[in-house]
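Before any comments, here is the structure.
The values are calculated or read from the model by the stated rules, or taken from the named source; none is laboratory data. Since the model is a prediction, treat every value here as computed from it, not as a measurement. A quick note on method: Cβ atoms are made from the backbone with ideal geometry, for glycine too, and the neighbour counts reach across all protein chains shown.
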Amino acid sequence: MSDAPGGPEPPAPGAAGGPTRCGLVAVVGAPNAGKSTLVNALAGTKVTIVSPKPQTTRFRIRAVVMHGRSQVVLVDTPGIFKPRRRLDRAMVAAAWGGAQDADLSLFIVDARAGLTDEVRAIADRLKQGRRPVMLLLNKADLIDPPRLLPLAQELNGILPAAETFMVSALKGRGLDRVLDVLARSVPEGPFLFPEDDLSDLPQRMLAAEIVREQVLRQTHEEVPHHATVETESWQERKDGSARIDVTIYVGRATQKAILIGDGGAKVKEIGRRARQELETLLERRIHLFLNVKERSGWDEEGGRIRALGLDDVG
């Protein structure tokens, strides 16, 4: 019997209906395999930016997904590739760090691209780890079904997978089974995050990432991957709105000119679309102000890399 007024206290998580489960699932793969699209689809909302360009995700983002009595924490990692710049090395280190810290890894492969050298190298490294690995063939709707099974068999020959999924993250096909399997595969234990949390991404970083997504979508050639975005200030207003000042850094004057556009048209459009998306995500009015600065060699600066939420590995 409880001494608290109003009757007995509600049961703690796991007291009824069986124990709770909670675990980290690292989503790893080559650039442009569809990792961020998959994470957003499983989460049921946008927690990470998406672009058709490779190397969109630059740091680890955790998305919290509740499924029955399980909390599945998806860790969206940067695409794994051969690094050239200091930034590249930090991104690849973040990806492998996410895989090492997780309870299991979800290895996502673009079914259209098949078994590339990048995919083979990632499989070989995952095989060396001690964590269970599940294989997910994404974009399975875009190739002939007879090609899928041999690809799955070949990949399992290199890296035996605990489960193999064939899905379309973009169209949401096959994801119910993925979530069911993940929910029962994470270990028993208490939840790591409140049940209504969607992501551990701070709002200031979310604003910078939404702006960077528009840079990726609206510019071409060398600009997208030589730009970084930082939220300089966030001011709450009495009417419930917020003023956000964001700076876009690029490496060269030509990139700055492309980003600004004729008469400032390009940067205004980037700002307009980013503001609309932020207002939808945050459910409040946003006053967004963008500034573009040239900063040569920013992707070799430890301070800029740490500002992205990455560990500077030198």
*Among the residues of the range 148-190, which ones are among the acidic types (Asp, Glu) and without any contact (Cβ under 8 Å) to a residue 24 or more places away in the chain?*
Asp176
*asked:* I'd like the full set of residues that are exposed (fewer than 13 other Cβ atoms within 10 Å of the Cβ) and under 16 Å from Asp101 (Cβ atoms), limited to the range 178-198.
replied: Pro187
*Going by the conditions given, is Leu151 part of a helix (DSSP H, G or I) and closer than 30 Å to Trp234 by Cβ?*
no
*Could you say whether any residue in the range 159-167 is at pLDDT 95 or above, of a type in the set (Val, Ile, Thr) and more than 21 Å from Thr116 (Cα to Cα)?*
no
*asked:* It is to be established whether one or more residues within the range 211-227 are assigned to a strand (DSSP E or B) and modelled with pLDDT under 85.
replied: yes
*Failed item in (1) under 25 Å from the mean Cα position of the chain (by Cα); (2) crowded, with 18+ Cβ neighbours inside 10 Å, with Gln203 passing the rest*: (2)
